[in-house]
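Here is the structure we will look at.
The values are calculated or read from the model by the stated rules, or taken from the named source; none is laboratory data. Keep in mind it's a predicted model, so treat the numbers as computed, not measured. All Cβ positions, glycine included, derive from the backbone under ideal geometry; neighbour counts span all protein chains shown.
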Amino acid sequence: MKKRILFFSCLLAGISIVLTAILIHFVVYRNLSESQRVEVGKDAAYIAAAVELSGEAYLKSLEPLPRELRITLIRPDGSVIFDSEADAARMENHRDRPEIKAALESGVGQGAHFSRTLSKQTFYHAMRLSDGSVLRVASATDSVFLSFLRLIFITLAIVASVFAVAATIGTRVTRLIVEPINRLNLDAPEENAVYDELAPLLSRMKKQNDTIAEQMREIRRKQIEFSAITDNMREGLLVLDRDARVLSCNASATALLRARVNDPIHRNALEWSRSEPFYRAVTSALDGASSEALAESEGKYIQIMANPVVDAGSVQGVVVVLLDVTERENREILRREFTANVSHELKTPLTAISGYAEIISNGVAKIEDVPVFAEKICGEAQRLISLIGDIVMLSKLDEDDGSHPREAIDLKELVEDVAARLAESASKKSVTIALSEEESAENAEITKIRGVRRILDEVVMNILDNAIKYNVEGGSVTVFLENTASHALLSVTDTGIGIPADEQERIFERFYRVDKSRCSAVEGTGLGLSIVKHGVKLHGGEIEVKSTVGAGTTITLKLPR
Amino acid sequence: MREGYKKQLEALHTGIIRMGALCEDAIECAAKGLIGESRPYREKALKLKSGIEASKHEIEEICIRLLLREQPVASDLRQITSAQMIVTDMERIGDQAANIAKISSYMVGSSVKSDIHIEDMSRATLKMLSDSVDAFVAGDLAKARSVIVYDDVVDDLFARIRSGLIAIVSNDSAKGEACFNLLMISKYLERIGDHSANIAEWVVYSITGKRKRFQDDLRSGG
């Protein structure tokens with residue numbers, strides 16, 4: 001813009017100067033030639049008068065002639081008598097010259113001659129003298145072009161200086177015009193009151209600014225919404241383009257895949273994770289088929305679901321969803337182990353039963369041995385029944401849907417009841433059971449807790465049963481009850497074999513038994529403590545195990561009221 | 001044309017990452033086949049070997065095509081030449097993993113392997129390979145250099161395993177065969193470590209254009 005303004009102002013100045021110069025020159029030249037013509041006339045009159053007086057001799061005395069005057073004297077027949085510049089004798093006849101002709105006819109003749117070669121303009125003035133001869137005075141002057149050419153350098157100098165002035169002023173002016181435009185506050189276009197001419201532009205600009213701001217807000221809001229959703233998802237989300245480069249990802253995806261690159265966007269998915277299942281899932285999705293895979297790394301299981309993004313019949317990218325299924329997988333493993341254990345535990349007594357029954361039916365057994373076998377069959381069948389009972393119990397505990405009826409239970413009564421039922425097995429091992437109680441209860445009601453009788457019965461039964469089974473001959477079992485306002489504590493201490501510290505965590509697992517070699521000696525399904533754990537959990541309680549190998553074990557239940 | 005060139009370079013890059021992943025898998029399978037005595041893993045390690053070889057051919061073809069058609073210069077040229085070297089090392093790693101799997105099948109039930117640091121060593125070599133591939137993926141110079149330095153750890157482990165095996169054999173000559181096999185296996189693992197260090201060196205070269213001398217400086221300095 002600055003350049004344009006400068007260019008035009010200089011151009012304008014230049015053109016006006018040149019035109020003015022030419023115009024002035026012409027006007028001046030016209031005046032000049034007019035006055036010269038008059039001058040020549042005057043000169044001719046003077047000289048004619050002088051010649052009339054003193055004849056040709058005057059002409060000769062005039063030399064040298066002032067200015068560029070040329071005097072010629074011509075006879076009435078046209079031959080030249082005298083010429084101030086050339087040899088008169090050699091000159092041609094002048095009768096046909098227009099000024100001479102006019103002078104011969106009317107006494108005065110005028111003419112002008114333009115000589116191209118000399119770039120001179122010559123004015124003639126001819127007068128007829130009294131003797132009939134004609135006196136011609138010629139005055140030469142620079143032609144219009146020559147005089148113009150003489151002036152051109154001055155003109156150019158003026159043009160140059162005017163250019164310089166125009167440029168300086170132009171720059172100033174331009175700056176004055178442009179500066180406010182440059183200083184426009186484009187963020188708030190309406191507030192500028194620089195030029196009225198800019199008002200429509202500025203108001204349009206404001207409108208567009210508003211639209212852009214609105215759109216930006218919308219985009220930002222959507223982006224925040226999207227990232228709020230994806231970043232708070234536990235699932236990993238990964239969007240890949242058709243060259244498997246990552247377009248978008250969330251924090252979970254980075255964590256789940258243990259992305260090995262710092263700047264994951266636009267990286268190839270392979271650079272994220274080199275795991276085989278991930279690669280397969282992504283490549284098959286790129287081929288247009290949805291696929292699922294399970295990747296395992298460092299004890300974590302990640303489920304990968306890759307879906308192709310199909311647009312206009314071709315795969316444009318892949319959306320990958322990643323799920324941490326470690327817990328599910330671990331549960332699945334537990335379930336598989338449990339099933340295997342159950343089948344094994346069920347099969348063992350059945351094999352024994354079938355074996356004994358076969359012996360009897362084959363008649364191989366002596367008649368007096370039959371009761372022995374029958375007893376064994378009975379024992380195994382009992383074991384089977386109690387095992388199935390435990391499994392049923394556990395599965396019921398697993399599905400706590402609130403269907404178990406709750407009632408007020410006096411723990412002391414319950415423990416006494418269970419102890420009575422276990423009295424026989426205790427006496428077999430000569431183990432004594434003692435019950436003591438913290439005497440803090442202000443009334444009887446406080447010893448009662450709300451619970452499911454059948455389940456609590458099973459829980460206490462299992463704990464006491466274990467305390468007797470794993471006790472030493474002649475040992476003791478102490479049950480201690482304490483009631484507080486918020487919960488009831490029930491602890492069972494035995495003088496048994498104890499549980500090694502590193503196994504205390506595992507005793508509540510299904511089918512887990514501390515001392516495998518003891519298994520055959522001590523009857524049990526391996527599910528007892530599992531039932532205890534789930535039963536207590538169902539009541540919202542806690543279990544604590546303290547045990548010293550060889551000294552005994554204390555199991556404390558904390559049941560909320 | 002340049003677009004195609006870029007695509008080819010990218011294919012080269014991902015191809016090597018993929019091949020690296022296969023090698024990692026192969027070592028892991030070989031280790032599981034040896035220590036976990038799992039037959040499917042041993043078979044998988046053997047199968048991976050052919051996959052790795054196929055990968056190598058594919059990558060070499062890309063390299064040759066790029067060199068002939070595009071006549072790359074400067075860092076691109078370095079990238080391609082180092083890719084050619086890296087795949088050679090990776091192929092050797094695949095071979096070693098397969099060899100380990102083969103020998104492992106004679107080792108089922110042997111108790112000797114739990115007496116020495118063979119598991120530590122397999123873990124260390126796997127780490128070396130993983131790190132060198134990571135360095136390649138990210139163009140991580142520091143990581144590549146750390147792999148080169150880490151080779152000493154693996155070498156050290158090999159020396160310890162070797163002397164451990166000698167001690168076992170001199171006490172109980174019945175375990176001779178197992179010890180021999182384990183010596184082979186640990187040597188293979190040590191070679192895998194060397195190849196991984198080579199890969200890291202090529203990564204350093206492709207980034208900086210400097211070769212070998214750096215490593216010598218590092219060794220003598222550290």
Restricting attention to the range B:143-151, does a residue exist that is away from chain A (no Cβ under 14 Å) and surrounded by fewer than 17 Cβ atoms within 10 Å (Cβ to Cβ)? yes
Suppose the filter is surrounded by fewer than 19 Cβ atoms within 10 Å (Cβ to Cβ) and within 11 Å of chain B (Cβ to nearest Cβ); does A:SER297 pass it? yes
I'd like to know if the range A:90-113 contains one or more residues that are in the same structural domain as A:ALA45 (by TED's automatic domain parsing), of a type in the set (Gly, Ala, Ser) and modelled with pLDDT under 80. no
Of all residues being in contact (Cβ under 8 Å) with a residue 12 or more places away in the chain and out of contact with any helix residue (DSSP H, G or I) (no Cβ under 6 Å at 6 or more places or on another chain) in the range B:27-52, which is nearest to B:VAL108 (Cα to Cα)? Just the residue, please. B:GLU37
Expected single match for within 13 Å of another protein chain (Cβ to nearest Cβ) and of a type in the set (D, E, K, R) among B:LYS49, B:LYS44, B:LYS56 is B:LYS44
Every listed condition ((1) under 22 Å from B:ASP140 (Cβ atoms); (2) away from every other protein chain (no Cβ under 14 Å); (3) not basic (Lys, Arg)) holds for A:HIS266 save (2)
Does B:SER82 fit the bill of being modelled with pLDDT under 85 and in contact with a Ser or Thr (Cβ under 8 Å, 6 or more places away or on another chain)? no
Filter result (touching a Leu at 6+ places or on another chain (Cβ under 8 Å) and either within 12 Å of chain A (Cβ to nearest Cβ) or in contact (Cβ under 8 Å) with a residue 40 or more places away in the chain (or both)) within the range B:117-136: B:HIS117, B:ILE118, B:MET121, B:SER122, B:ALA124, B:THR125, B:ALA135
Among the residues of the range A:190-206, write down those that are assigned to a helix (DSSP H, G or I), exposed (fewer than 11 other Cβ atoms within 10 Å of the Cβ) and not charged (D, E, K, R). A:PRO200
So A:LEU387, is it closer than 30 Å to A:ASP457 by Cα, out of contact with any helix residue (DSSP H, G or I) (no Cβ under 7 Å at 6 or more places or on another chain), surrounded by 12 or more Cβ atoms within 10 Å (Cβ to Cβ) and not hydroxyl-bearing (Ser, Thr, Tyr): no
Kindly list, by first and then second residue, each pair from a residue in the range A:176-189 that is exposed (fewer than 12 other Cβ atoms within 10 Å of the Cβ) to a residue that is at pLDDT below 80 and of a type outside the set (A, V, I, L, M), limited to pairs with Cβ atoms under 7 Å and residues at least 6 apart or on different chains. A:ASN185/A:GLU191; A:ASN185/A:ASN192
Filter the range A:387-409 down to the residues that are in a helix (DSSP H, G or I), touching a residue at least 12 places away in the same chain (Cβ under 8 Å) and out of contact with any Leu (no Cβ under 9 Å at 6 or more places or on another chain) and list them by number. A:ASP398
Single residue of A:VAL318, A:VAL239 found to be modelled with pLDDT of 85 or more and over 18 Å from the mean Cα position of the chain (by Cα): A:VAL318
Identify the residue in the range B:1-35 that is out of contact with any strand residue (DSSP E or B) (no Cβ under 7 Å at 6 or more places or on another chain) and β-branched (Val, Ile, Thr) and, among all such residues, is nearest to the other protein chains (Cβ to nearest Cβ). B:ILE17
Does the range A:238-258 contain any residue that is of a type in the set (Lys, Arg) and either without any contact (Cβ under 8 Å) to a residue 24 or more places away in the chain or more than 14 Å from chain B (Cβ to nearest Cβ) (or both)? no
List, please: which pairs have Cβ atoms under 6 Å, are six or more places apart or on different chains, and start with a residue in the range B:72-93 that is under 28 Å from B:LYS47 (Cα atoms) and end with one that is basic (Lys, Arg) and modelled with pLDDT of 85 or more? B:VAL87/B:LYS56; B:GLU91/B:LYS56
So, in the range A:336-346, exactly how many residues are of a type outside the set (Phe, Trp, Tyr) and either in contact (Cβ under 8 Å) with a residue 40 or more places away in the chain or surrounded by 11 or more Cβ atoms within 10 Å (Cβ to Cβ) (or both)? 6
